[in-house]
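Notes to accompany the following structure.
Read-outs throughout are calculated quantities, based only on the coordinates presented, and are distinct from any laboratory measurement. In this text, all values refer to a predicted model and were calculated from it rather than measured experimentally. Here Cβ is always computed from backbone atoms with ideal geometry, including for glycine, and neighbour counts include all displayed protein chains.
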Amino acid sequence: MGNFLWVGLGGFIGAVARYAVAVAMGPAATLRFPWPTFTVNVLGCLAIGLLAGYFTRVPAPEHLRLFLVTGILGGFTTFSAFGVESLGLLRRGDHALGLAYAGGSVLVGLLAVWLGFRLASGGQG
């Protein structure tokens, strides 16, 4: 039960931080390009890279990793997990699999959003 609480607490913090970025950037930031989402994704990727690199040098208790990575960064952006998983595949030499994962995630994710939108909107768009 303790690990779930660490993840939940971190998720709350991450989600609030994500919302705070969007509020701070204001509605004008999304007029032509989704800057708040882009910013959150880049910051999340930087943060997970820093943590992954740090944790290779300094062991951390499981509850701390769950709180920071799964909780805070998971609530802030799941794009950071996508980035670190892609990097992991590339670093271990699975280049084709890493590229397939990255490209496939974007393409299939976009297709899934399109399909969900079409189904829910009665075929519009």
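Points to keep in mind about this one:
- Subset tally (residues that are touching a residue at least 60 places away in the same chain (Cβ under 8 Å) and surrounded by 14 or more Cβ atoms within 10 Å (Cβ to Cβ)) for the range 9-47: 6
- Filtered residues of the range 78-108 (kept if among the small types (G, A, S), within 16 Å of the chain's Cα centre (by Cα) and within 25 Å of L50 (Cβ to Cβ)): S80, A81, G83, S86, G88, A102, S105
- Residue match in the range 67-75 (condition: over 19 Å from T37 (Cα atoms), assigned to a helix (DSSP H, G or I), out of contact with any His (no Cβ under 8 Å at 6 or more places or on another chain) and in contact (Cβ under 8 Å) with a residue 60 or more places away in the chain): yes
- Taken together, the criteria exclude A60 from residues that are assigned to a helix (DSSP H, G or I) and of a type in the set (G, A, S).
- Taken over the range 36-68, the criterion of being of a type in the set (S, T, N, Q) and within 17 Å of F82 (Cβ to Cβ) is satisfied by T37, T39, N41.
- Test: residue in the range 33-47 that is among the small types (G, A, S) and outside any helix (DSSP H, G or I): no
- Looking only at residues of the range 76-125 that are outside any loop (DSSP other than H, G, I, E, B) and among the charged types (D, E, K, R), we find that the one that is surrounded by the most Cβ atoms within 10 Å (Cβ to Cβ) is E85.
- Single residue of the range 48-63 satisfying the filter (touching a residue at least 24 places away in the same chain (Cβ under 8 Å) and surrounded by fewer than 19 Cβ atoms within 10 Å (Cβ to Cβ)) that is nearest to L107 (Cα to Cα): G49
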